[in-house]
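For reference, the structure discussed in these notes is given below.
The values are calculated or read from the model by the stated rules, or taken from the named source; none is laboratory data. Bear in mind that the values here come from a model prediction, so they are computed numbers and not experimental data. Here the Cβ is made from the backbone with ideal geometry for all residues, glycine too, and neighbour counts use every protein chain on show.
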Amino acid sequence: MIDEIRKLLDCYLAWLKDKTALREVNNWVEITTPYLDRHNDCLQIYAQRQNGGYLLTDGGYILEDLRSSGCKLDTPKRQDLLRMTLNGFGVRLSNDSLETVASPENFALRKHNLVQAMLAVNDMFYMAIPYVISLFYEDVVAWLDLHRVRYITNIKLTGKSGFDHHFEFVIPKSDKKPERILQTINQPTRNIAEAIAFSWIDTKDTRDPSSEAYAFLNDAERVQQGVIDALKSYEVKPILWSKREDYREDGRR
């Protein structure tokens, strides 16, 4: 099983390298990644030399795209959630741009963290219907609290690749159940599912062998079978939000 997972991990890293393109734009280098946004466009970040290192930024794309879709982050609660999410990736907010600073030694790691932060913020805050009041993340927190599930929020784990991965919830091991790592997916797409799957397969060998991974999927709209299959293929258990009560005891034990 270890050899199988190692092969999958090697294939993922090869795909990531082959599908990444570079282009000079004025004094910046535009990095086009294979990760897709909700418009099925490749996410792009920009790099520039700064004080012996590199400044990496999304150029303000993520927050501007959310605003143009009717999702405003103008309440204290949403601002706090935005900052908490960015802090989990070591990314800062500067004039509506998501930014991080890298050295030559940690450039790959910081680039990875910035892209993951872009995906996480877009997924967390995007709402197809602008008048929806609650965020899916908040709904999950309320449900866990309602059923007295013990959990730790916003954990950063380092995988075998050396990349850090941010996980929203960890339910500690008990005498009846193993450690459970839980992510939320507000807008279930295969791209988001594969990113979460990579985070899990990269870190699972550093955790207790019995540890399990779950993903709550917001199924207010139909979830494509390909998303579910992508998660299952990497041993992440998908839970449709409408079926959450079927898994209540999995969290409480």
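Is there a residue being basic (Lys, Arg) and within 18 Å of Ser97 (Cα to Cα) anywhere in the range 15-26?
Among the residues of the range 15-26, not one is basic (Lys, Arg) and within 18 Å of Ser97 (Cα to Cα), which makes the answer no.
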| remark: For Gly88, the lone unmet condition from (1) within 19 Å of His165 (Cβ to Cβ); (2) without any contact (Cβ under 8 Å) to a residue 24 or more places away in the chain is (2)
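Residues of the range 54-64 being more than 13 Å from Met124 (Cα to Cα), within 21 Å of the chain's Cα centre (by Cα) and either surrounded by fewer than 16 Cβ atoms within 10 Å (Cβ to Cβ) or not polar (S, T, N, Q) (or both), which ones?
Let us first name the residues in the range 54-64 that are more than 13 Å from Met124 (Cα to Cα), namely 54-61, 64.
Next, only the ones that are within 21 Å of the chain's Cα centre (by Cα) stay: 56-61, 64.
Residues satisfying the conditions are Leu56, Asp58, Gly59, Gly60, Tyr61, Glu64.
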| remark: Sole miss for Gly70 among (1) touching a helix residue (DSSP H, G or I) at 6+ places or on another chain (Cβ under 8 Å); (2) more than 29 Å from Thr158 (Cα to Cα) is condition (1)
| field | Restricting the range 97-108 to residues that are among the aliphatic types (A, V, I, L, M) and surrounded by fewer than 18 Cβ atoms within 10 Å (Cβ to Cβ), the residue that is nearest to Leu82 (Cα to Cα) | value | Val101
| Lys204 fails exactly one of the following numbered conditions: (1) under 13 Å from the mean Cα position of the chain (by Cα); (2) outside any loop (DSSP other than H, G, I, E, B). What is the number of that condition? | (1)
| query | Scanning the range 58-109 for residues that are under 24 Å from Glu138 (Cβ atoms), of a type in the set (A, V, I, L, M, F, W, C) and assigned to a helix (DSSP H, G or I), which turns out modelled with the lowest pLDDT? | reply | Leu81
| Inside the range 33-53, can you point out the residues that are surrounded by 19 or more Cβ atoms within 10 Å (Cβ to Cβ) and aliphatic (A, V, I, L, M)? | Leu43, Ile45, Ala47
| task | Those residues that are closer than 15 Å to Tyr61 by Cα and at pLDDT 85 or above, I need them from the range 110-126; list them, please. | result | Leu114, Val115, Gln116, Ala117, Met118, Leu119, Ala120, Val121
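Condition check: surrounded by fewer than 16 Cβ atoms within 10 Å (Cβ to Cβ), in a helix (DSSP H, G or I) and out of contact with any helix residue (DSSP H, G or I) (no Cβ under 6 Å at 6 or more places or on another chain). Does Glu30 satisfy that?
On the way: surrounded by fewer than 16 Cβ atoms within 10 Å (Cβ to Cβ): yes; in a helix (DSSP H, G or I): no; out of contact with any helix residue (DSSP H, G or I) (no Cβ under 6 Å at 6 or more places or on another chain): yes.
The answer is no for Glu30.
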| task | Report yes if some residue within the range 154-173 is farther than 24 Å from Lys19 by Cβ, surrounded by fewer than 13 Cβ atoms within 10 Å (Cβ to Cβ) and out of contact with any Gly (no Cβ under 7 Å at 6 or more places or on another chain); otherwise report no. | result | yes
| Of (1) part of a loop (DSSP other than H, G, I, E, B); (2) more than 20 Å from Glu245 (Cβ to Cβ); (3) among the charged types (D, E, K, R), Asp219 satisfies all except one. Which? | (2)
